[in-house]
1. Condition first: more than 17 Å from the chain's Cα centre (by Cα), surrounded by 22 or more Cβ atoms within 10 Å (Cβ to Cβ) and in the same structural domain as residue 38 (by TED's automatic domain parsing). Can you find one or more residues in the range 179-187 that meet it?
2. Which ranges mark the strands (runs of 3 or more DSSP E) fully within the range 1-94 that have 2 or more residues being closer than 18 Å to residue 223 by Cα?
3. Could you check the range 188-200 and list, in sequence order, the residues that are within 20 Å of the chain's Cα centre (by Cα) and either closer than 27 Å to residue 238 by Cα or part of a helix (DSSP H, G or I) (or both)?
4. For residue 82, which of the numbered conditions (1) over 25 Å from residue 192 (Cβ atoms); (2) within 13 Å of ligand 2 (Cβ to nearest atom); (3) out of contact with any helix residue (DSSP H, G or I) (no Cβ under 8 Å at 6 or more places or on another chain) fails to hold?
5. Given the residues 165, 128, which is the only one that is assigned by TED's automatic domain parsing to the domain that holds residue 40 and either surrounded by 24 or more Cβ atoms within 10 Å (Cβ to Cβ) or in contact with a strand residue (DSSP E or B) (Cβ under 6 Å, 6 or more places away or on another chain) (or both)?
Ligand code: KIV
Ligand code: NA
């Protein structure tokens, strides 16, 4: 079976089908989502928060992105794998962006890359697309800019809404195959979705985008502490794993594990 391509997902959107995207950061989890039929997986720089133990996505390096992206590619057969360009890997300009995107394509084997910013990242997107690298844009809340913008809903008010529309068009005009809209009012996300012909992928952007994305650790209830209101926990893996770890510990301490069936003579 061949992998899903950017053309397949464009065709799905054209047919009016909504599609789901999830993040993944390791081969085993990615294989679960691949077998569950998730068509697009994002090796997000959210790995910084939910996999590497950083406070934000800002410290994530190209080396970390490359290693974990390669693992996700190895763990999957069917999904389109998109990898984030981390903070500092494309802000210097298009040539730097091309060098780092090329690493993710050649060394990790991903099918596409994602980078943050609309008008400000237009030249980077254009050069990557010209070089034959499919690019997913990311506008609205852009977590790599947390030190400047904080974490709050973007595009509120007429001026900010117009800027978001300009950013969306800049991403599309530069040749991106899709664009993430993060934490924007649903009405504005719907307007962007009607305005663009490329698929919009919402997170905290309401129900009218062409696709949705969630950070998988939030989606399976693995994230500790508070999670954003826009996520949904479909299960509680944190509780499941806590119970398993406690049961195992009790059995070891109590001498009931390993039992006869786990033992060789
Ligand atoms: O890194 C990430 O997980 C993302 C998604 C939230 C879109 O960029
Ligand atoms: Na990201």
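1. Applying the first criterion (more than 17 Å from the chain's Cα centre (by Cα)) to the range 179-187 yields 185-187.
Retained after the next criterion (residues that are surrounded by 22 or more Cβ atoms within 10 Å (Cβ to Cβ)): none.
No.
2. Details: elements: 19-23, 40-43, 80-84.
Of the strands (runs of 3 or more DSSP E) lying wholly inside the range 1-94, those with at least 2 residues that are closer than 18 Å to residue 223 by Cα span 19-23, 40-43.
3. Narrowing the range 188-200 to residues within 20 Å of the chain's Cα centre (by Cα): 189, 192-193, 198-200.
Residues satisfying the conditions are 189, 192, 193.
4. If we test residue 82 against (1) over 25 Å from residue 192 (Cβ atoms); (2) within 13 Å of ligand 2 (Cβ to nearest atom); (3) out of contact with any helix residue (DSSP H, G or I) (no Cβ under 8 Å at 6 or more places or on another chain), just (1) comes out false.
5. Values: 165 fails: either surrounded by 24 or more Cβ atoms within 10 Å (Cβ to Cβ) or in contact with a strand residue (DSSP E or B) (Cβ under 6 Å, 6 or more places away or on another chain) (or both).
That would be 128, the only listed residue that is assigned by TED's automatic domain parsing to the domain that holds residue 40 and either surrounded by 24 or more Cβ atoms within 10 Å (Cβ to Cβ) or in contact with a strand residue (DSSP E or B) (Cβ under 6 Å, 6 or more places away or on another chain) (or both).
The rows are residues; the columns are (1) without any contact (Cβ under 8 Å) to a residue 60 or more places away in the chain; (2) outside any helix (DSSP H, G or I).
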residue: 122; (1), (2): yes, no
residue: 126; (1), (2): yes, no
residue: 132; (1), (2): yes, yes
residue: 136; (1), (2): no, yes
residue: 145; (1), (2): yes, no
residue: 152; (1), (2): yes, yes
residue: 161; (1), (2): yes, no
residue: 170; (1), (2): yes, no
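The values are calculated or read from the model by the stated rules, or taken from the named source; none is laboratory data. Keep in mind the model is a prediction, meaning the values are calculated, not measured. FYI the Cβ positions are ideal-geometry reconstructions off the backbone, even for glycines, and counts take in every protein chain you see.
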